Amino acid sequence: MNAPLDSLLEILDNGATPGARSVPVLMPVALDQTYDYLVPEGMEAGPGSFVLVPFGPQTRIGIVWDGPRGDGKPVDPKKMKALTSGIDAPPLPEISMRFAEWVARYTLAPLGMVVRMMMSADTAFEPPKHRFGVAIVEGAAPPPKITPARTRVLDVAADGLVRAKSDLAELAGCSTGVIDGLAAAGMLVEVAIPERVFPRPNPAHATATFTADQTRAVDSLKSAVDAQNFSVTLLDGVTGSGKTEVYFEAVARVLEAGQQTLILLPEIALTSQFLDRFERRFGVRPVEWHSALRPAERGRIWKGVARGDVRCVVGARSALFLPFCQLGLIVVDEEHDQGFKQDDRVHYQGRDMAVVRGSLGKFPVVLASATPSIESHVNALIGRYRHAVLPGRFSGVEMPDVSAIDLRSEKLEPGKWLSQRLVQGITETIEKGQQSLLFLNRRGYAPLTLCRSCGHRLECPQCTAWLVEHRFKKKLTCHHCGFSLALPEKCPKCATPGSLVACGPGVERVQEEVAERFPDARVALLSSDLIPGLTEMREIIRSIEAREFDIIIGTQIVAKGHNFPGLALVGVVDGDLGLAHGADPRAAERTFQLLHQVTGRAGRTSFVGRGLVQTYAPEHPVMQAIVAGDRDAFLNYEVRTRQAGLLPPYGRLAAIIISSRDKALTETVARDIARRAPQSDAISVLGPSEAPISVVRGRYRWRLLVKAPRDVDLQGYLRAWAGTIPKLKSDVRITVDIDPYNFL
Ligand code: ADP
Ligand code: ZN
């Protein structure tokens, strides 16, 4: 079809006056449809362009979509508003639009909310702010008055670089007044500081020499890359087997081919250790993407990715929604990590969406882990994924020797949390000049505070949760809503002074015991609430690596991704902790992964490490597999359990959470919604029932769980169901969570 005919049809289509063209615009809000806007004469508004549009009483940024979405009711052209103006930002690539649509369809989130995630870089859509600096004017006549300060400035500026006035003044050791003087005299000229360019990783910078096993894995990944098609490879190998080194080769191959690459890591694994390694391999640091970036940096990176200037991004799950225009590979490292699941607004599993992105973009995806998720394990087993295995550690050091400490026979002293055997182990480790790690996945001092006199338990006023004592901060805090109060001196109920006692241990309490037992040891405490940010986190990790501590106490933030060469002993304070969640089908998997990862931190490079796991249930299959170091035994056990229960990946789950501030209303709505569930032989709806955490932030919560066989269109079923639900009171919220990881 030729262009004039094309636009004629368009005019007939929307009935607008001849010459007026309209485009569908998608807004980054909780809506699933586009709105038509007129394109003013002479304005470019191609698909993917970002535009300013009048939207209700405001002017907001939207995206010109490449087709109408939603109910498609034609807008009366007389009422149609016009685009306000274009925005100077690279357009959203077509593949990003398809990806957004896919994610929205799968997660049942409004398309606008998915697109909003793709736009989470406000400064990318603002006019660029040019910073100005000064540079020397070549061949300018010397100024009439030359002072020593002026000479120093001219000496520094002689290299011709553009510098901010303040930087130049600092380098020359003078005030900016001197610089202004030289500029007035025509010796320096004011120019825009050029935008920093993104350094290009060099695929040939420093290649490793691989072992035979590693070479096989490298070849397998390279052939996946060379196939220039979609595939998923599970890169499966114990910690320290060289997975990172191996997938770097795939990254190099893709960079050589001129395409972009993305490495996804759990946010807490984005340590400087990882960035350093990248730099050693590729000669430059990668571009990072995570929640701690400054706004200006986010905008710069967003544009760099869209323009193709950024070649490799290392990021947390949100990096998946960057506007890559030539993406050729995604690596999901620690693919089993639950940090890839997002549980607010758009509920998505980053690992799964990475696979989707690969399939849309027709490129390979690599999932790496020492403890693969059951889903990926099964996919590799049945041949849907390729399987590249690294059987042993690169260093040749054996996996740690793990044993259970049965707390039923080896009783803890009252008010103490470390058994004699564990204390003994730490003592020996310190004597050898090596490090010990005590792992307890619980922040704070004590998970429960109660009154000795009346038995009152201190609960959050807005949630069904106990308040957790944080002794350093002298506060009781709710881990669900952040409510906190100063540690009271007397019981809030019976007013008995000094009657409140702490029950159970958190990491702070373990630290107290360690300080008492090992007064001379250098102790580091790692807990997310005690570390302000990524920078501080990186500093602590570095100092542990440098052996500046003897004993490290930490929550799960120490379990992942780090390599501490001096670490010889890992003690798990409460091995049973993760198994307590009865309703969570992934509790066993998660516990196994966490215990395996954390004990795997010991003895990675030069000596065999040791793991000691304190437990009241040494006969549990998870504990047995951890002690035997038999990952496959656990996987087999868990696969059978999932198969028998038709749980993922053998069945599909969706959670529906109904919440409101009104207790009775929440229950009524939940029951009403359940009654409206369409009849289906294949799909079962469990509940409604009150959520295990029945109140959060003052909102009452009920849950439904929908179970479907793999091959049934679960989303279609849920959509049909949603269509039968009448309009709800504004306070009632319904959340749909496809493939839920949270059952509380
Ligand atoms: P994983 O990602 O499986 O935990 P890594 O890639 O971190 O394993 O490798 C563990 C350690 O062994 C790292 O210090 C890494 O640099 C080193 N290593 C692995 N393979 C090689 C190799 N082929 N040549 C040199 N060093 C290697
Ligand atoms: Zn609370």
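The values are calculated or read from the model by the stated rules, or taken from the named source; none is laboratory data. Computed from a predicted model, the values in this text were never measured in an experiment. Glycine also receives a Cβ, built like all others from the backbone with ideal geometry; neighbour counts cover every protein chain displayed.
Are there any pairs, at least 6 apart or on different chains, whose C-beta atoms fall under 9 Å, with the first in the range 574-599 and farther than 21 Å from Met399 by Cα and modelled with pLDDT of 90 or more and the second among the basic types (Lys, Arg) and not in a helix (DSSP H, G or I), and if so, which?
Asp574/Arg442
Mind listing whichever residues of the range 704-719 are surrounded by 14 or more Cβ atoms within 10 Å (Cβ to Cβ) and farther than 22 Å from Glu690 by Cβ?
Residues of the range 704-719 that are surrounded by 14 or more Cβ atoms within 10 Å (Cβ to Cβ), as a first pass: 704-708, 712, 714-715, 717-718.
Within the range 704-719, Ala708, Val712, Leu714, Gln715, Tyr717 meet the criteria.
Need a quick list: helices (runs of 4 or more DSSP H) entirely within the range 530-645 having at least 2 residues that are charged (D, E, K, R).
Working: elements: 534-545, 587-599, 621-628, 631-645.
Hits in the range 530-645: 534-545, 587-599, 631-645.
For the range 208-225, state whether one or more residues are within 16 Å of ligand 1 (Cβ to nearest atom) and closer than 30 Å to Ser527 by Cβ.
Of all residues in the range 208-225, those within 16 Å of ligand 1 (Cβ to nearest atom) come to 208-222.
Still in the running and closer than 30 Å to Ser527 by Cβ: none.
No - not one qualifying residue is present in the range 208-225.
How many residues, within the range 389-415, are at negative phi and assigned to a loop (DSSP other than H, G, I, E, B)?
Summing the residues that are at negative phi and assigned to a loop (DSSP other than H, G, I, E, B) in the range 389-415 gives 17.
Which condition from (1) more than 10 Å from ligand 1 (Cβ to nearest atom); (2) β-branched (Val, Ile, Thr); (3) part of a helix (DSSP H, G or I); (4) more than 26 Å from Arg538 (Cα to Cα) is the one that Val251 breaks?
(4)
Of everything in the range 165-205, what is closer than 30 Å to Val287 by Cα, among the hydrophobic types (A, V, I, L, M, F, W, C) and in a loop (DSSP other than H, G, I, E, B)? Give them in sequence order.
Ile193, Val197, Phe198, Ala204
Six or more apart or on different chains, Cβ under 7 Å: which pairs go from a residue in the range 119-148 that's surrounded by 10 or more Cβ atoms within 10 Å (Cβ to Cβ) to one that's basic (Lys, Arg)? Could you list them?
Ala121/Arg298; Thr123/Arg298; Ala124/Lys303; Gly133/Arg163; Gly133/Lys165; Val134/Arg163; Val134/Lys165; Pro143/Arg150
Hey, can you tell me all the residues within the range 254-279 that are at pLDDT 95 or above and in a helix (DSSP H, G or I)?
Answer for the range 254-279, where residues must be at pLDDT 95 or above and in a helix (DSSP H, G or I): Val254, Leu255, Glu256, Phe278, Glu279.
Select the strands (runs of 3 or more DSSP E) contained entirely in the range 432-512, then report the ones holding at least 1 residues which are buried (at least 21 other Cβ atoms within 10 Å of the Cβ), in contact (Cβ under 8 Å) with a residue 60 or more places away in the chain and away from ligand 2 (no atom under 13 Å from the Cβ). Write out each step before concluding.
Working: elements: 435-439, 448-451, 468-470, 475-477, 484-486, 500-503.
Ranges flagged: 435-439.
Against the conditions (1) without any contact (Cβ under 8 Å) to a residue 12 or more places away in the chain; (2) under 28 Å from the mean Cα position of the chain (by Cα), where does Gly723 fall short? Just the number, please.
(2)
Could you look through the range 435-451, keep only residues that are among the hydroxyl-bearing types (Ser, Thr, Tyr) and farther than 10 Å from Val507 by Cα, and pick out the one that is modelled with the lowest pLDDT?
Going through the range 435-451, the residues among the hydroxyl-bearing types (Ser, Thr, Tyr) turn out to be 436, 445, 449.
Then keep just the ones that are farther than 10 Å from Val507 by Cα; that gives 436, 449.
Numbers: Ser436: 96, Thr449: 93.
This residue is Thr449.
Which residue is nearest to Ser359 (Cα to Cα), if the candidates are limited to the range 226-242 and must be within 14 Å of ligand 1 (Cβ to nearest atom) and either at pLDDT 95 or above or among the acidic types (Asp, Glu) (or both)?
Step one: of the range 226-242, the residues within 14 Å of ligand 1 (Cβ to nearest atom) are 234-242.
Next, only the ones that are either at pLDDT 95 or above or among the acidic types (Asp, Glu) (or both) stay: 234-236.
Numbers: Leu234: 15, Leu235: 18, Asp236: 21 Å.
For the range 226-242, the residue satisfying everything is Leu234.
For the range 280-388, please list each of the strands (runs of 3 or more DSSP E) lying entirely inside it that holds at least 3 residues being crowded, with 24+ Cβ neighbours inside 10 Å and aliphatic (A, V, I, L, M).
Details: elements: 287-289, 312-315, 327-333, 364-369.
Those strands (runs of 3 or more DSSP E) span 327-333, 364-369.
Given the structure, is Val501 at pLDDT 90 or above, within 27 Å of Pro692 (Cβ to Cβ), more than 16 Å from ligand 1 (Cβ to nearest atom) and within 28 Å of the chain's Cα centre (by Cα)?
Numbers: at pLDDT 90 or above: yes; within 27 Å of Pro692 (Cβ to Cβ): yes; more than 16 Å from ligand 1 (Cβ to nearest atom): yes; within 28 Å of the chain's Cα centre (by Cα): no.
Answer is no for this residue.
Examine the range 237-252 for a residue that is within 27 Å of Leu534 (Cα to Cα), of a type in the set (Asp, Glu), out of contact with any Asp or Glu (no Cβ under 8 Å at 6 or more places or on another chain) and in contact (Cβ under 8 Å) with a residue 40 or more places away in the chain, and state whether such a residue exists.
Checking the range 237-252: at least one residue is within 27 Å of Leu534 (Cα to Cα), of a type in the set (Asp, Glu), out of contact with any Asp or Glu (no Cβ under 8 Å at 6 or more places or on another chain) and in contact (Cβ under 8 Å) with a residue 40 or more places away in the chain.
From the list Thr641, Thr605, pick out the single residue that is within 16 Å of ligand 1 (Cβ to nearest atom), out of contact with any strand residue (DSSP E or B) (no Cβ under 9 Å at 6 or more places or on another chain) and among the β-branched types (Val, Ile, Thr).
On the way: Thr641 fails: within 16 Å of ligand 1 (Cβ to nearest atom).
Result of the check over Thr641, Thr605: Thr605.
Looking at Met187, Met119 in this structure, which one is in contact with a Pro (Cβ under 6 Å, 6 or more places away or on another chain), modelled with pLDDT of 90 or more and of a type in the set (A, V, I, L, M)? Steps first, please.
Working: Met187 fails: modelled with pLDDT of 90 or more.
Exactly one of Met187, Met119 is in contact with a Pro (Cβ under 6 Å, 6 or more places away or on another chain), modelled with pLDDT of 90 or more and of a type in the set (A, V, I, L, M), namely Met119.
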